[in-house]
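Here the structure comes first, spelled out in structure tokens, and everything after it is commentary.
The values are calculated or read from the model by the stated rules, or taken from the named source; none is laboratory data. Given the structure is predicted, the values throughout are model-derived calculations rather than measurements. Here the Cβ is made from the backbone with ideal geometry for all residues, glycine too, and neighbour counts use every protein chain on show. Note: accessible area is taken over every heavy atom of the protein model, side chains too, but ligands, DNA and RNA are not part of it. Shrake-Rupley method; radii C 1.70, N 1.55, O 1.52, S 1.80 Å.
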Amino acid sequence: AGGAWWRLFPTIYILWGLRRMRHSRNCYLHPWEIDAEQPRVALPLLTRIRHYTGVGGFENKIERFLRAFEFSTVSAV
């Protein structure tokens with residue numbers, strides 16, 4: 001799980017889904033997704049929506065996820 005899904009879906013929905021996963025909770029994010037000050041590039045409408053929606057509040061979502069679950073690196077797992 002990760003990328004645009006984390007930014008586009010409400011936090012409560014993501015937390016609900018992660019709690020119900022039985023085995024692994026593999027998650028990822030791109031560094032640019034927490035950079036609300038990133039330069040905006042002219043993109044087609046749907047790409048622009050997918051790319052920029054939720055970037056401004058994503059850092060707060062990540063903080064909630066980090067408090068709710070135990071995380072580790074791929075090499076440690």
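Quick notes on this structure:
- Element breakdown for the chain at a 1.4 angstrom probe: carbon and sulfur atoms account for 59% of the accessible area.
- Amide H partners (placed H, <5 Å) of Gly2, local residues excluded: Tyr28
- What the Cα atoms of the chain give is an Rg and a Dmax of 13.6, 41 Å.
- Per residue, the accessible area of the stretch 31-77 comes to 78 Å², computed with a 1.4 Å probe over protein heavy atoms only.
- Qualifying GluC sites (Glu not before Pro) for the stretch 28-77 [loop in DSSP, other Cβ within 10 Å: at most 15]: Glu37, Glu70
- Degrees between helix 11-20 axis and first principal axis of the chain (Cα, 0 to 90, nearest 10): 30
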